[in-house]
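Working notes, beginning with the structure itself.
The values are calculated or read from the model by the stated rules, or taken from the named source; none is laboratory data. Here the structure is a predicted model, which means the values were calculated and not measured. We place every Cβ from the backbone using ideal geometry, glycine too, and count neighbours over all the protein chains shown. Side chains included, ligands, DNA and RNA excluded: accessible areas come from the protein's heavy atoms. Shrake-Rupley method; radii C 1.70, N 1.55, O 1.52, S 1.80 Å.
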There are 2 protein chains.
Amino acid sequence: MTVKRRTGRRPGASDTRGEILAAARQVFAEKGFDKASVRGIAREAAVDPALVHHYFETKEGLFVAAMRLPIDPVEVMGRLLEGPREEIGERLVRLILTVTADEEARTPVLALMRSAMTNEQAVHMMREFITNALLYRVADGLGIAHLRIEAAFAQLIGVVLARYVLKLEPLASADLEELVELLGPTVQRYLAP
Amino acid sequence: MTVKRRTGRRPGASDTRGEILAAARQVFAEKGFDKASVRGIAREAAVDPALVHHYFETKEGLFVAAMRLPIDPVEVMGRLLEGPREEIGERLVRLILTVTADEEARTPVLALMRSAMTNEQAVHMMREFITNALLYRVADGLGIAHLRIEAAFAQLIGVVLARYVLKLEPLASADLEELVELLGPTVQRYLAP
């Protein structure tokens, strides 16, 4: 996804963008990811749907921006599929650990995880995005069963939780390369059986 | 751990037991697992430390009972070490998935996970218990690096989260045996390298 924030912007356009994001957060929370539509979000923000597409391209791009997520599914997919298939596990582990190592990128991810643990509405919204927009696409792109990508997701979300929320030592201070070596073969086995 | 709830109990002793558990929850929350002592908890509950040992045997047993955890570390350790080493991964996956399949057993585990996500004091208390009382003991018993048991822990906590909190399909409805087959080799590789 390319967010066209810096091109062709009229004065005051940044407020419009912010209003679209606020409307998106409200509509995604109310309807979940699947039932929310760009048209409905545009209506809520009182803008033309074309403007939403101009800023965010797709509903997925809008969700990613609204939740301030550091990774875009299309980007993940691209990075996973480029390069040799026999290193896909290592590549995914390295990507997730590199992104979450940055506190600014990690904060909204942990905030979403906290909401998901305590709020049924947040779970519903995330579940649809995680499966339909993210995991199933990667699995289908790789030609593997959906259960296998969810096993990999579980490994990686567990590591992020243990490293950055529970802060279990030695995992919390472990070197990136050591973790890639330990976790890479697990993810490789799930994604390239 | 054997909780001697049903033997040699005087009338009114069940209240004493409840008071010890309430005192334990307070002291563990205030001091964390490591710094809390059976003596300090007994003082808080205004009972003799011998009575705490009578009911709960060890500080670990007291923590497990106070947090209403469905698994006791000593029991886990025993179950993991009995039987062939080459099936240890399968055995651990089966144990965790069987215990968490029971809603009554799962509820306090999810409650602790929720607290850990949102409450720094709860994280501190859990971190010490998880590492010192649980994971390091299993790792030392198996003669493996602490990082390896934490990778297995991350895989399993991620699966419980994805299956019972996020309820991602097809993982949430997957058959126990299918999950044992998928996840067993991962845990096996971590625990018996």
In the structure shown, do any of A:Lys167/B:Lys31; A:Lys35/B:Lys167; B:Lys59/B:Lys167 have a Cα-Cα gap over 24 Å, and if so which?
-> B:Lys59/B:Lys167
Inter-copy label distances at A:Ser37, 7 Å along the Cα→beta-carbon direction, one decimal in nm, shortest first?
-> 6.8
The Kirkwood hydrodynamic radius of the protein assembly as shown, taken as the inverse of the mean 1/r over all distinct Cα pairs, in Å, comes to 22.8 Å
Between A:Gly83 and the same site in the other copies, what are the distances in nm, shortest first, taking label points 7 Å from Cα along the C-beta direction?
-> 3.7
What Rg and what Dmax come out for chain B when only alpha-carbon atoms are used, in angstroms?
-> 17.7, 52
Reference-scaled alpha-carbon Rg (2.2 N^0.38 Å with N residues) for the stretch A:16-66 = 0.92
Prolate/oblate/rounded call for the stretch B:146-193, Cα gyration tensor, a/c under 1.5 rounded | oblate
Which peptide among A:177-185, A:155-163 comes first, and what is the full order, when sorted by highest mean count of other Cβ atoms within 10 Å?
-> A:155-163, A:177-185
Averaged over B:146-152, how many beta carbons belonging to a partner chain fall within 10 Å of each residue's beta carbon?
-> 6
Heavy-atom surface of the stretch B:73-191, accessible at 1.4 Å and reported per residue (Å²) = 40 Å²
Find the chain B residue whose Cβ sits closest to the rotation axis that carries B onto A, and give that distance in whole Å.
-> B:Gly158, 1
The distance between the Cα centres of the stretch B:99-145 and the stretch B:14-93, in whole Å, is 12 Å
Result for interface chain A to chain B, accessible surface buried in total, 1.4 Å probe, Å² to 100, stands at 3500 Å²
Distances from B:Val99 to the same residue in each other copy, label points 7 Å out along Cα→Cβ, in nm, shortest first?
-> 3.2
Span per principal axis, largest first, for the Cα atoms of the stretch B:46-138 (Å) = 47, 34, 25
What is the average number of partner chain Cβ atoms found within 10 Å of a Cβ in B:168-176?
-> 4
Using the Cβ atoms and a cut-off under 13 Å, what net charge is assigned to the surroundings of A:Leu95, where Lys and Arg are +1 and Asp and Glu are -1?
-> -3
Leaving ligands, DNA and RNA out of it, report the carbon-plus-sulfur percent of the accessible area of the stretch B:63-193 at a 1.4 Å probe.
-> 54 percent
When you look at the Cβ of every residue in B:73-80, what mean number of other chain Cβ atoms sits within 10 Å?
-> 0
Candidates B:Glu169, B:Glu57, B:Glu90: whichever shows maximal mean-square fluctuation once chain B is modelled as a Gaussian network with Cα springs under 10 Å | B:Glu169
Kindly identify the stretch A:31-97 as rounded, prolate or oblate by the Cα gyration tensor criterion: order the square roots of the eigenvalues as a ≥ b ≥ c, call it rounded if a/c is under 1.5, otherwise compare a/b with b/c, prolate if a/b is larger, else oblate.
-> prolate
In debye to the nearest 20, how big a dipole does chain A give about its Cα centre with +1 on each Lys and Arg Cβ and -1 on each Asp and Glu Cβ?
-> 680 debye
